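The values are calculated or read from the model by the stated rules, or taken from the named source; none is laboratory data. As the structure is a computational prediction, the values presented were derived from the model and not from experiment. Because the Cβ atoms are built from the backbone with ideal geometry, glycine has one as well, and the counts that use them run over all protein chains shown. Side chains are part of the model used for accessible areas, which takes the heavy atoms of the whole protein and leaves out ligands, DNA and RNA. Shrake-Rupley method; radii C 1.70, N 1.55, O 1.52, S 1.80 Å.
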Amino acid sequence: MASSFPIINMANLNGDKRAATMDIIHDACENWGFFELVNHGISHDLMDKVERLTKGHYKKFMEQKFNELVKSKVLETEITDMDWESTFYLRHLPESNISEIPDLDDNYRKTMKDFVERLEKLAENLLDLLCENLGLEKGYLKKAFYGSKGLTFGTKVSNYPPCPHPELIKGLRAHTDAGGLILLFQDDQVSGLQLLKDDQWIDVPPMQHSIVINLGDQLEVITNGKYKSVMHRVIAQTDGNRMSIASFYNPGSDAVIYPAAELIEEKNQVYPKFIFEDYMNLYKTVKFQAKEPRFEAMKVVENGIGPVPIATA
Ligand SMILES: O=C(O)CCC(=O)C(=O)O
Ligand SMILES: [Fe+2]
């Protein structure tokens, strides 16, 4: 199937190309962990506004802070405990904290609220497409994420400023995402995001008004490994400031995550059952390491022997 980065034209889900488009999504989830959406239904005007306000906000409130922070860093040898990025976080679900975040004007707050409402709908729609491809009943994945207070949805707003020595520091070190489904609005001019496929780093191509989707560790667990979360990283650039707005559609903190019974063949359950919050607590300490030891550690917890620490050196 797709030998170059998978691009999904969502308009094709409504006509005679539906089956072929669903196949591309399935292949992307199995073999790439990533795909890029066009004609996703979110208005280009809204995306342009989000981009303009985010870039303006960076210039006004973030750029100077970042420059002061990096002034004291000597870039002579490789730096592996820091990323060349400037970020802030917004939470939307279970409760929004947008009104409490400083330095956002009313227009920016409202625009981000509008944008993430559309992203939430898009995420729900996509999860149901995944259910269809997996043979799970509609709504299965949303329900699996739900927990007692509902799922969590948040946005990391990042800028990756120009870097004098991209060979010595990453924009963001390689990792898989811990959660469910990630929706990324990335800069259409300045590139940098790469994913690992067959031991090679492949660029995720910037494309105007597209939304990049990737799968987090929880979807790998729930699908019993049919779908995979994939390592990705951001390479810092010498020129240009890269904007990225990553929204994380994740399980609720007390959601119990485990492989769907329909996807366990011949009792071949290879993934553990755990509470999402326990996974996140582990993830925070080992984010920039391989995911497999995390799954193994959760199995030990499941079997009542743990928790066991993962070697971090
Ligand atoms: O900025 C990007 O393109 C990717 C961000 C990312 O991978 C993350 O925040 O987990
Ligand atoms: Fe990520």
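If I ignore ligands, DNA and RNA and count only protein heavy atoms, how much of Glu36 is accessible to a 1.4 Å probe, in Å² to the nearest 10?
That residue has around 0 Å² of solvent-accessible surface.
In segment 196-254, what percent of the accessible surface is made up of carbon and sulfur (1.4 Å probe, ligands and nucleic acids excluded)? Walk me through the numbers on the way to the answer.
Numbers: 870 of 1950 Å².
Ligands and nucleic acids excluded, carbon and sulfur give 45 percent.
Give the cross-link partners of Lys143 among the aspartates and glutamates, using a straight C-alpha distance below 14 Å as the criterion and excluding same-chain residues fewer than 8 apart.
Lys143 reaches Glu124, Asp128, Asp254.
With r defined as the distance between the Cβ atoms of Phe288 and Ala11 and R0 fixed at 45 Å, what FRET efficiency is calculated, to the nearest 0.05?
Values: r = 38 Å, r/R0 = 0.83.
The computed FRET efficiency comes out at 0.75.
Below 28 Å, Cα to Cα, which lysines can Lys59 reach? Residues fewer than 8 away in the same chain don't count.
Here the lysines satisfying the reach criterion relative to Lys59 are Lys49, Lys71, Lys73, Lys110, Lys113, Lys156, Lys170.
To check you understand DSSP bridge types, tell me what percent of the beta bridges within the chain (both residues inside) are antiparallel, rounded to 5.
Values: 41 of 44 bridges.
Percentage antiparallel, nearest 5: 95.
How big is the dipole moment of the chain about its Cα centre under a simple scheme where the beta carbon of each Lys and Arg is +1, that of each Asp and Glu is -1, and everything else is neutral? Debye, nearest 20, please.
Values: 35 positive and 46 negative charges, 109 e Å.
The calculated dipole for the chain is roughly 520 debye.
Looking at the square roots a ≥ b ≥ c of the eigenvalues of the Cα gyration tensor of segment 7-269, which shape do they give, rounded for a/c under 1.5, prolate if a/b is larger than b/c, or oblate? Can you show the working numbers first?
Values: a/c = 1.67, a/b = 1.45, b/c = 1.15.
Prolate is the answer for segment 7-269, as a/c is 1.5 or above and a/b outweighs b/c.
Which entries in the list Lys138/Lys273; Lys60/Lys228; Lys121/Lys299 go over 30 Å, if you measure between the two C-alpha atoms of each? Provide the component values of the computation, followed by the final result.
Values: Lys138/Lys273 22 Å; Lys60/Lys228 39 Å; Lys121/Lys299 33 Å.
Among Lys138/Lys273; Lys60/Lys228; Lys121/Lys299, the Cα-Cα distance tops 30 Å for Lys60/Lys228; Lys121/Lys299.
Quote the FRET efficiency, to the nearest 0.05, computed for Ala19 versus Thr77 with a Förster distance R0 of 51 Å and r equal to the Cβ-Cβ distance.
Working: r = 53 Å, r/R0 = 1.04.
Using R0 = 51 Å, I get an efficiency of 0.45.
Between Thr176, Ser72, His165, whose Cα lies farthest towards the positive end of the dipole of segment 7-269 when Lys and Arg beta carbons carry +1 and Asp and Glu beta carbons carry -1, centred on the Cα centre?
Ser72
Once ligands and nucleic acids are excluded and a 1.4 Å probe is used, how much of Tyr227 is accessible, expressed in Å² to the nearest 10?
Per-residue accessible area (Tyr227): approximately 0 Å².
Sort Ser229, Ser43, Ser148 from largest to smallest accessible area, using a 1.4 Å probe on the heavy atoms of the protein chains. Write down the numbers at each step before the final one.
Details: Ser229 5, Ser43 50, Ser148 85 Å².
Descending order: Ser148, Ser43, Ser229.
Assign one of three labels to segment 99-204, namely rounded, prolate or oblate, based on the Cα gyration tensor with a ≥ b ≥ c the square roots of its eigenvalues; rounded applies when a/c is under 1.5, prolate when it is not and a/b is larger than b/c, and oblate otherwise. Don't jump to the answer; show the numbers that get you there.
On the way: a/c = 2.30, a/b = 1.23, b/c = 1.87.
Taking the square roots of the gyration eigenvalues as a ≥ b ≥ c, segment 99-204 is oblate.
With a 1.4 Å probe and all protein chains left in place, how much accessible area per residue does segment 92-146 have, in Å²?
Numbers: 2890 Å² over 55 residues.
Computed with neighbouring chains in place, this is 53 Å² per residue.
Could you please state how large a percent of the accessible area of segment 1-40 is carbon and sulfur, counting protein chains only and using a 1.4 Å probe? Show your work: numbers first, answer last.
Values: 850 of 1850 Å².
In segment 1-40, the share of accessible area belonging to carbon and sulfur is 46 percent.
Does segment 1-42 come out rounded, prolate or oblate, given a ≥ b ≥ c as the square roots of the eigenvalues of its C-alpha gyration tensor, rounded meaning a/c under 1.5 and, failing that, prolate meaning a/b above b/c?
Numbers: a/c = 2.31, a/b = 1.39, b/c = 1.66.
It is oblate, given that a/c is not under 1.5 and a/b is not larger than b/c.
Using label points projected 7 Å from each Cα along Cα→Cβ, tell me how many nm separate Asp188 and Ser4, to one decimal.
Computed distance between label sites Asp188 and Ser4 equals 1.9 nm.
If I model a spin label at Arg173 and Ile264 as a point 7 Å from the Cα along the Cα→Cβ vector, what separation in nanometres do I get?
Taking the simple label geometry, Arg173 and Ile264 are separated by 3.5 nm.
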